[in-house]
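*Asks:* Before anything else, here's the structure in question.
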Amino acid sequence: MSELRVRFAPSPTGYLHVGGARTALFNWLLAKNKGGTFILRIEDTDVERSTKESVDAILEGMKWLGLEWDEGPFYQSDYFPLYKEHVQKLLDSGKAYKCYCASEELDTKRNLAMQEGRKPKYDGTCRERAEQPDGQPYVVRFRAPQGGVTAFDDLIKGTITFPNEELDDLIIQRTDGTPTYNFCVVIDDASMRITTVIRGDDHVNNTPRQIQLYEALGFPVPQFAHVPMILGSDKARLSKRHGATSVIAYRDMGYLPEALLNYLVRLGWSNGDDEIFSREEMVQKFDIGNVGRSASVFNTEKLNWLNAHYIKNGDPERLADLLLPHLSVREVTTLNGPDLMVVVRTLQERAQTLEEMAERAVFYYNAPLSYDEVALAKFDKELLLSVFSAVMEKLSKVSEADVSGIDALFKEVCNENGWKMGQVGQPVRIALSGGTQAPGIGEIVVTLGIEETIRRIQAAREFVAGK
Ligand code: GLU
């Protein structure tokens, strides 16, 4: 194992967002690529907004994507004593101070600064306070360096420099004694010996403050890589407004984890013009330095294309297992029908999602209750009746069916009666499936079995005859 240690640090205030999943993926890939360690840390110090359901949803999403972590999950809420200890350390060394300013007072000063067009910044009233008022509530502030700059070489964005005068004396502990977000992150990343912090670029502004804290505490500063945002098609930050953003919602819509991972890895990262990456290839080729600097736009069509690719090339047995929940929401039971694996084989060529596949699989298990009448109306009634009779007649003589045998049988029916394939295949397809969107006729007949096929053609014939 190399020394590389990375972490994914979600706040459990909702489900696992695709943006978060991509951050997790980049961390995971870097760890796997370098033989490092991938750590999962749940940032649940915001007790009001953090929920157990959200933790479960995040873990479920990570597991579904196969982003296994090597250490954790660690929960920030278990480390309050550690944060307190470090606050005290900074107080003792004079690198932090107690601030007694009342919040109303600070609000007034902030408003005034804004009115006067100044940057609202803590004015340092308590910075040099000699007297410590007894028993009064206080926050603890970090004594931030006043002059100079704080800079870092971001692995994605290049050098980023912040003038220190723009950075406030950050509150590291609130009046109620709880530590604040930026402080906890630093203590955690340091104590977990994180070497590379990969996170969304909405955290860029936190980084100089965190670097100052590392330095004040005497911890080595990790490397940073800030990943650009994912946008919706209108170039606004991807949100529910644009459609599903939760990883689990994609699972439920019938996407395969390998398709979503492949989609996410290409959202910002590239390796030449390659589009298809197996998990192993991603691991082998991933380089955080090849992540682009600009934001990426979420493109559902491309995701669908990848999903179709993975469905088409997927193992039918595994796809059958994954398809089951999509069938059971449709109240379809596969017990008294064809082997689901065989059904999958007939559908995987053309389905974009498992939902679509499930929708198309229903007819194999439930004989049609109605027919696409518009499609049927394209054929003359007498022709339909003769076609159905001729096909049933032929099929009744067949004992064992294979696809090429059935295809040949249909050709024979056409030749003997002077019909075109479209005049025979399409009506039979409607008879068997109710519609026209079904696999090849030979495949359907073989999958349904001769007996069931004849039963369905008979039912369709009665329907047409009764019209
Ligand atoms: N908890 C933060 C978030 O969910 C991540 C912080 C970090 O990665 O440093 O946005």
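*Asks:* Return the pairs, sorted by first residue and then second, in which the second residue is of a type in the set (Lys, Arg) and outside any helix (DSSP H, G or I), the first residue lies in segment 156-177 and is farther than 17 Å from THR125 by Cα and modelled with pLDDT of 95 or more, the beta carbons are less than 8 Å apart, and the residues are 6+ apart or on different chains.
*Replies:* What qualifies is ILE156/ARG293; LYS157/ARG293; GLY158/ARG293.
*Asks:* I'd like the full set of residues that are farther than 16 Å from ASN336 by Cα, of a type in the set (D, E, K, R) and touching a helix residue (DSSP H, G or I) at 6+ places or on another chain (Cβ under 8 Å), limited to segment 424-467.
*Replies:* Scanning segment 424-467 gives ARG429, GLU443, ARG461, LYS467.
*Asks:* If you don't mind, another one. Among the listed residues LEU25, LEU59, LEU67, which satisfies the condition of being away from the ligand (no atom under 13 Å from the Cβ), hydrophobic (A, V, I, L, M, F, W, C), under 25 Å from GLY254 (Cβ atoms) and not in a helix (DSSP H, G or I)?
*Replies:* Of the residues listed, the single one that is away from the ligand (no atom under 13 Å from the Cβ), hydrophobic (A, V, I, L, M, F, W, C), under 25 Å from GLY254 (Cβ atoms) and not in a helix (DSSP H, G or I) is LEU67.
*Asks:* Can you tell me which condition ARG251 does not meet? The list is (1) closer than 14 Å to ARG22 by Cα; (2) in contact with a Pro (Cβ under 8 Å, 6 or more places away or on another chain); (3) surrounded by 14 or more Cβ atoms within 10 Å (Cβ to Cβ), and all the others hold.
*Replies:* Result: ARG251 passes all but (1).
*Asks:* Now, a different point. Restricting to segment 442-456, count the residues that are of a type outside the set (Asp, Glu) and either open to solvent by 10 Å² or more (accessible area, probe 1.4 Å) or over 14 Å from ALA401 (Cβ atoms) (or both). Can you show your working first?
*Replies:* Just the residues of segment 442-456 that are of a type outside the set (Asp, Glu), to begin with: 442, 444-450, 453-456.
Applying the additional criterion that residues be either open to solvent by 10 Å² or more (accessible area, probe 1.4 Å) or over 14 Å from ALA401 (Cβ atoms) (or both) yields 446-450, 454-456.
Of the residues in that region, 8 qualify.
*Asks:* Oh, and also: Quick one: which residue in VAL297, VAL291, VAL342 is in contact (Cβ under 8 Å) with a residue 60 or more places away in the chain, touching a Ser or Thr at 6+ places or on another chain (Cβ under 8 Å), among the aliphatic types (A, V, I, L, M) and within 30 Å of ASP273 (Cα to Cα)?
*Replies:* Matching residue, one of VAL297, VAL291, VAL342: VAL297.
*Asks:* Would a scan of segment 334-356 turn up a residue that is over 27 Å from GLU462 (Cβ atoms) and touching a His at 6+ places or on another chain (Cβ under 8 Å)?
*Replies:* yes
*Asks:* Looking for whichever is open to solvent by 10 Å² or more (accessible area, probe 1.4 Å) and within 17 Å of the chain's Cα centre (by Cα) here; the options are SER294, SER270, SER246. Which one fits?
*Replies:* SER246
*Asks:* Do any residues in segment 15-42 that are touching a residue at least 24 places away in the same chain (Cβ under 8 Å) and at negative phi have Cβ atoms under 8 Å from those of residues that are of a type in the set (S, T, N, Q) and assigned to a strand (DSSP E or B), where the two are at least six apart or on different chains, and which pairs are they?
*Replies:* TYR15/SER246; LEU16/SER246; HIS17/SER246; VAL18/SER246; LEU30/THR196; ALA31/THR37
The values are calculated or read from the model by the stated rules, or taken from the named source; none is laboratory data. Just so we're clear, the structure is a prediction, and the values are computed from it rather than from any experiment. Using ideal geometry, Cβ is built from the backbone for each residue, glycine included, and neighbour counts are taken over all protein chains shown. Areas reflect the complete protein model, heavy atoms only, side chains present, ligands, DNA and RNA absent. Shrake-Rupley method; radii C 1.70, N 1.55, O 1.52, S 1.80 Å.
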